[in-house]
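Report on the following structure.
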Amino acid sequence: MRHRSLALVAGGALLASLVAVTSPAHASKCEAGTVFNPITKVRWSCIFPITIGGVRIGGDRLDKSLDAQSASKPLCACRKGAGFWFGLKVSFWSPSRMVDVVTEPGCMMGLGADLMATRGRLQGSQSSIADGTNTQKLFAQMHYYIAPVWKMLDMFTDLPCFADEGFDVALITEVMPTWQSGTLGAIIQPESILFGNPAAGLACMADSAAAAAGATLDPLFWCMGSWGNTYPIAGDIHFSDSVEAWAGLAARGIFMMGRLGLSTISSSDGCSFKAQPIWNKSRYKLQIMEPVKGGKCVNIGRPGSLWTSAKHAPGKDNAQFMVFEKTICCAGVSTP
């Protein structure tokens, strides 16, 4: 019994040494000037490269590394019901989703309004991890919007590969207990036990190296490159760079939408949309819009040292991202 007591005391002391020393919760003010304006906020160079019939147009070396999947099989043919069409395969990056990462609960940056009075609950916070690694932990809420920019601007609506949808708020994490606690999240996402551990994290080193080169490793779906692990699917994330942490929570929101069965992507043949319960990271890239507009898009997991400089305005801890999805479309002529 005495040995058991000593073990409990020692275990308690070890646990106490690893507990996060939490600073008082803080929240950045919800500003009204963040209303989404697709003309001024979207970095339009991110739609490149565009591939038409196997010919790539625009984009730099980094874009081409992420876009390698689009250069094959230039011709396509599709059938939908009794209809049939054939043509050229076209691919480009479509600004179609938007994500807020906020320390002020209920701050809908895309709408420019605070819509939820939480009376101090669910606030964002930052913690210092007292384990000798000098890392910190951020907690924030996430809002996911359907934002079909092309349709909002009435552009390219004749292409058959755009879903018929309008601007909408698809998800807010303030109403999700699983986002507030990684333990609760593990109940509905039991696979997190397999991937949310240090052993699985070692495999993410390869994903981090690939992300630095502008590529992604889709089979390592539990990794977000240098941004951390997708599990647990909750609002806590370890960080050394605030902007990188915002991007990590935004990417985790994209992953969660798929796990909830609420995400689809265009099929590789360009003929339809298909469900995406496990994401293909190579089909997404992010552009920060608030608090500072980003100069270009970044692939999932890109190290913050390569792109986050001067992106965190003083006193502003709410962030807004545009999500560009790879759209593959069979653009052609229907047969009688």
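The values are calculated or read from the model by the stated rules, or taken from the named source; none is laboratory data. Note that the structure is predicted; figures quoted are calculated from it, not measured. Cβ: placed from backbone, ideal geometry, glycine included. Neighbour counts: every protein chain shown. The protein model used for the area step is the full one, side chains on, heavy atoms only, and it has no ligands, DNA or RNA in it. Shrake-Rupley method; radii C 1.70, N 1.55, O 1.52, S 1.80 Å.
Report, by chain and number, residues whose modeled amide H sits under 5 Å from the one on Ala113, excluding near sequence neighbours (fewer than 5 apart, same chain). Those qualifying (amide H under 5 Å, at least 5 residues apart or on another chain) are Met108. Over 20 Å between C-alpha atoms is what I'm after, so list which of Lys89/Lys326; Lys41/Lys281; Lys41/Lys151; Lys151/Lys296 land there. Pairs exceeding 20 Å: Lys41/Lys281; Lys151/Lys296. Distances between placed amide hydrogens fall under 5 Å for Thr135 paired with Ile129, all partners being 5 or more residues away or on another chain.
Could you provide, to the nearest whole Å², the per residue accessible area of the stretch 136-180 with probe 1.4 Å?
45 Å²
Each peptide in 143-152, 273-282, 190-199 was scored by the mean count of other Cβ atoms within 10 Å over its residues; highest first, the order is 143-152, 273-282, 190-199.
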